[in-house]
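The values are calculated or read from the model by the stated rules, or taken from the named source; none is laboratory data. All values reported here derive from a predicted model rather than from experimental measurement. So basically every Cβ, Gly included, is an ideal-geometry build from the backbone, and we count neighbours across all protein chains shown. The accessibility values were calculated without ligands, DNA or RNA, using every heavy atom of the protein model including side chains. Shrake-Rupley method; radii C 1.70, N 1.55, O 1.52, S 1.80 Å.
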Amino acid sequence: MIDFIIWVLQNIALAPYHLVLAVFNPGQWLNWSNPESVMRFIYYGASVEFFFVVFTSLIVITLIGAFWKREFLWWCVRILEAFANAVGRTAAWAGLVMVLTQVMIVFLQRIFRVAEIQLGPLGTAFAKDLSWWAEGLKFHNAVVVCLCVAYTFVQGGHVRVDLVYSAVKFRTKRMIDMFGCLAFMMPAVVLTYMYSWFFMWRHLMTPAVTSTSDLDRMLMQSRIFRWNVETIGFSPNGFNAYFLFKVLIVLFCVMVFLQAITFFWRSYLEWLEGEESAGKYLDIDKTGDEAEDMEHAIHSGST
């Protein structure tokens, strides 16, 4: 146990050094014309060093907001919630695209017996079989699921399983929220990210990389590095960009982790300031229907 504590403290102490090293040496991990830079990027993207840089940064920000300037922490909450809302509101349009595409497929296939759809924007030619468009509907659905999850959380639209939450006092609720972020939300999404990161890269390049590979081994593997983006569909003429689903899994983890941090900070600030700060600076969508907005507010717990 003591060895583990010392290991954690050492990595926290080294976090500023690793951050400065990465910022002032971008060519070592962003110059993707060099295979070694790609391998460094892959390794550090889910490494212990990167984890403690993020972990230490969050501790510093939290301490600044808790003991020096509370408004600074509120600004962090507002920025991250605005980012989640912006991404979610934009990605939600994929749902409309999905519906219109499905209508177009049914209309062209059942009425005109069209075998493929051809598009020619700005003089370019893009022709795909109807099965490609049909299988691509899963991608539109994945965009909504992965990129709107944090937005839904901000809006209070997630499903609640409430056994004791509604019966406790306001500050107790905020303590439950903080505990949930630290004990469940963050660990789960970090573990998912660690595996999905290498899972994504195994479908973008060769040789295969794993979470157990160290940096020296990956630099040796860079000698045989080549891009190998997955373009195999489930059917001969089906959707052939399934690597995008792997990218979306990583983006999903990033969005959920940022929302977990945001929700922890909001819960902490509301715990400090009391019930009058509930929903402070929260940008909630309005439908224009007062009764429906009130029902949503009750469901989300903001009233």
Checklist entry - Being at pLDDT 90 or above, within 27 Å of L80 (Cα to Cα) and aromatic (F, W, Y), is that true of even one residue in region 208-228? => result no
Checklist outcome for this item: Of the residues in region 217-237 that are hydrophobic (A, V, I, L, M, F, W, C) and free of Cβ contacts under 8 Å to residues at least 24 places away in the same chain, the one that is surrounded by the most Cβ atoms within 10 Å (Cβ to Cβ) is M220
Checklist entry - Considering only region 1-46, how many residues are surrounded by 16 or more Cβ atoms within 10 Å (Cβ to Cβ) and either small (G, A, S) or in contact with a His (Cβ under 7 Å, 6 or more places away or on another chain) (or both)? => result 5
Checklist entry - From the residues in region 205-216 that are out of contact with any helix residue (DSSP H, G or I) (no Cβ under 6 Å at 6 or more places or on another chain) and of a type in the set (A, V, I, L, M, F, W, C), which one is most open to solvent (accessible area, probe 1.4 Å)? => result A208
Next on the checklist: Any residue in region 117-134 that is touching a residue at least 12 places away in the same chain (Cβ under 8 Å) sitting within a Cβ distance under 7 Å of a residue that is among the hydroxyl-bearing types (S, T, Y) and open to solvent by less than 50 Å² (accessible area, probe 1.4 Å)? List the pairs, counting only those 6 or more apart or interchain.
Outcome noted: S131/S235; W133/T101
Next on the checklist: Considering only residues that are of a type in the set (S, T, Y) and exposed (fewer than 14 other Cβ atoms within 10 Å of the Cβ), which ones fall in region 252-281?
Outcome noted: Y281
Checklist entry - Restricting attention to region 130-150, which residues are open to solvent by 40 Å² or more (accessible area, probe 1.4 Å) and within 14 Å of the chain's Cα centre (by Cα)? => result V144, V145, V149
